[in-house]
Amino acid sequence: MTALRVVPHQRLAVPFAGDEKTMLSAFLDRYRETMIWKLEGLSDAQASQRLVPSATTMLGVVKHLAYVEDYWFSQRLHGNDRRPPFDTVDWKADPDWEWHSAAQDTPEQLLALWQDSAARSRSLVAEALADGGLERLARRPWPNGESPSLRWILVHMIEEYGRHNGHADLIRESVDGETGE
């Protein structure tokens, strides 16, 4: 049996105590940082390698996370239109476009897309916190008229990153044997 190699990394610190806004933001940032850590050191081929029947790859995960950052914080929370490159996609024809199209992008392009999306999301969260706090409702409601709160969206995004970080853990270990927290 081959010994597993652990990827050395200093994880982003999360405070042990703080108000709800601080804790939710800190955990989301930690999960954001963890996802990118999983990409460190992978070649382009490794980052785009498919190991399961679906279109899931490390780069697909990054592009998907860039999309959900935009979807939840810009489109849903603030009611904005989709931003490039998501604004020209025929989502009805390909509802998993971000996963399928990631193979056409370089790791650098997707990392930049994700970094821009995450930075914009942090700014949009700050605006929403100033305009109603964690109870601030999304401006774009569900078809049934209900709107999730900023609190709900932050918790959902922590869940989203947690799930996809788990995928990234398994992909990374399968690609090159690297493991880590």
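The values are calculated or read from the model by the stated rules, or taken from the named source; none is laboratory data. Fair warning: this is a prediction, and the values are worked out from it, not measured in the lab. Cβ sites come from the backbone with ideal geometry, for glycine too, and all protein chains shown count toward neighbours. Quick note on the areas: whole protein, heavy atoms, side chains included, nothing else; ligands and nucleic acids left out. Shrake-Rupley method; radii C 1.70, N 1.55, O 1.52, S 1.80 Å.
Are any of the residues in the range 91-101 open to solvent by less than 30 Å² (accessible area, probe 1.4 Å), part of a helix (DSSP H, G or I) and farther than 18 Å from ALA168 by Cβ? Please lay out each step first, then the result.
Step one: filter the range 91-101 for residues open to solvent by less than 30 Å² (accessible area, probe 1.4 Å), giving 98, 101.
Retained after the next criterion (residues that are part of a helix (DSSP H, G or I)): 98, 101.
Now narrow it down to the ones that are farther than 18 Å from ALA168 by Cβ: 101.
Yes, that holds for at least one residue.
Scanning the range 39-62 for residues that are open to solvent by 10 Å² or more (accessible area, probe 1.4 Å), part of a helix (DSSP H, G or I) and either touching a Leu at 6+ places or on another chain (Cβ under 6 Å) or touching a residue at least 12 places away in the same chain (Cβ under 8 Å) (or both) gives LEU39, ASP44, GLN46. For the criterion of being more than 13 Å from the chain's Cα centre (by Cα) and in a helix (DSSP H, G or I), LEU129 passes. Scanning the range 147-181 for residues that are within 30 Å of GLY79 (Cβ to Cβ) and of a type in the set (S, T, N, Q) returns SER147, SER149, ASN165.
TRP72 passes every criterion in (1) under 27 Å from LYS21 (Cβ atoms); (2) surrounded by fewer than 18 Cβ atoms within 10 Å (Cβ to Cβ) apart from (2).
Name the residues in the range 28-51 that are among the hydrophobic types (A, V, I, L, M, F, W, C) and modelled with pLDDT under 95, would you? Show your work before the answer.
First pass over the range 28-51, keeping only residues among the hydrophobic types (A, V, I, L, M, F, W, C): 28, 35-37, 39, 42, 45, 47, 51.
Of everything in the range 28-51, those that are among the hydrophobic types (A, V, I, L, M, F, W, C) and modelled with pLDDT under 95 turn out to be MET35, ILE36, TRP37, LEU39, LEU42, ALA45, ALA47, LEU51.
Restricting attention to the range 146-181, the residues that are modelled with pLDDT of 95 or more and over 20 Å from ARG11 (Cβ atoms) add up to 10.
Go through ALA119, ALA130, ALA138, ALA126 for me and flag whichever is open to solvent by less than 50 Å² (accessible area, probe 1.4 Å) and at pLDDT 95 or above. Full working, then the answer.
Details: ALA119 fails: open to solvent by less than 50 Å² (accessible area, probe 1.4 Å); ALA130 fails: open to solvent by less than 50 Å² (accessible area, probe 1.4 Å); ALA126 fails: open to solvent by less than 50 Å² (accessible area, probe 1.4 Å).
When all the criteria are applied, what remains is ALA138.
Determine if the range 137-153 includes at least one residue that is assigned to a helix (DSSP H, G or I) and touching a Ser or Thr at 6+ places or on another chain (Cβ under 8 Å). Please lay out each step first, then the result.
The first filter runs over the range 137-153 and keeps only residues assigned to a helix (DSSP H, G or I), leaving 150-153.
Then drop every residue that is not touching a Ser or Thr at 6+ places or on another chain (Cβ under 8 Å), which leaves none.
For the range 137-153, residues assigned to a helix (DSSP H, G or I) and touching a Ser or Thr at 6+ places or on another chain (Cβ under 8 Å): absent.
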